[in-house]
Amino acid sequence: MTKNKNFKPVVHMPVLMDIGELEVSPGNSQRQSKHVHAELTKSIMTDGMDEALIAVPRSDGPGYWVVSGNHRLQICRELGFEQVPVVVRHDWGAIEHKLQLVRRNFVRGEIDKKAFTAAVNSLATESHLSLI
């Protein structure tokens, strides 16, 4: 594979954040079966939290919406974590937040079709994008 001379690698470093500052993103269309939830819980209990969440600052008040890692957030709450690693994307506005939520849910798991369709339709309306 040839290197793209215009490409500039960017690494977003996670920070430890109090779990109380984080909320599940509205419009998250990914669902998890009981079996998958149990397996992820077992993985976090055995190996710890080794993958950062991705979040954006809330525009409606203090705290952050989780864009990627909503199930890990829920499990960490259940397990009593006080802090979790988070990459905060200050460079994502409301449209990019929704776009990333749709994109990342699509590639990572089981989709609730109604919630996914609602998220895509909302994104298309708000961003005036043609998603066809």
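May I ask you to list the residues in the range 24-36 that are surrounded by fewer than 15 Cβ atoms within 10 Å (Cβ to Cβ) and either in contact (Cβ under 8 Å) with a residue 12 or more places away in the chain or of a type in the set (K, R) (or both)? Within the range 24-36, V24, P26, S33, K34, V36 meet the criteria.
When the range 119-132 is filtered for residues that are part of a helix (DSSP H, G or I) and at pLDDT below 75, the ones remaining, listed by number, are A119, V120, L123, E126, S127.
Taking the listed residues H90, H71, H37, the one that is over 25 Å from T117 (Cα atoms) and within 18 Å of the chain's Cα centre (by Cα) is H90, with no other qualifying. Among the residues of the range 5-13, is any assigned to a loop (DSSP other than H, G, I, E, B) and of a type in the set (K, R)? Yes; the residues of the range 5-13 include at least one that is assigned to a loop (DSSP other than H, G, I, E, B) and of a type in the set (K, R). Being closer than 22 Å to A38 by Cβ, at pLDDT 80 or above and open to solvent by 70 Å² or more (accessible area, probe 1.4 Å) is true of R77.
Mind checking which residues of the range 37-72 are among the β-branched types (V, I, T) and either open to solvent by 30 Å² or more (accessible area, probe 1.4 Å) or under 23 Å from V88 (Cα atoms) (or both)? Hits for the range 37-72 are I44, T46, I54, V56, V66, V67. Would the range 82-96 turn up any residue that is of a type in the set (G, A, S), open to solvent by 50 Å² or more (accessible area, probe 1.4 Å) and over 15 Å from E21 (Cα atoms)? Yes, the conditions are met somewhere in the range 82-96.
The values are calculated or read from the model by the stated rules, or taken from the named source; none is laboratory data. Note that the structure is a prediction, hence the values are computed from the model and not measured. FYI the Cβ positions are ideal-geometry reconstructions off the backbone, even for glycines, and counts take in every protein chain you see. These area figures cover heavy atoms from the full protein model, side chains too; ligands, DNA and RNA do not enter into them. Shrake-Rupley method; radii C 1.70, N 1.55, O 1.52, S 1.80 Å.
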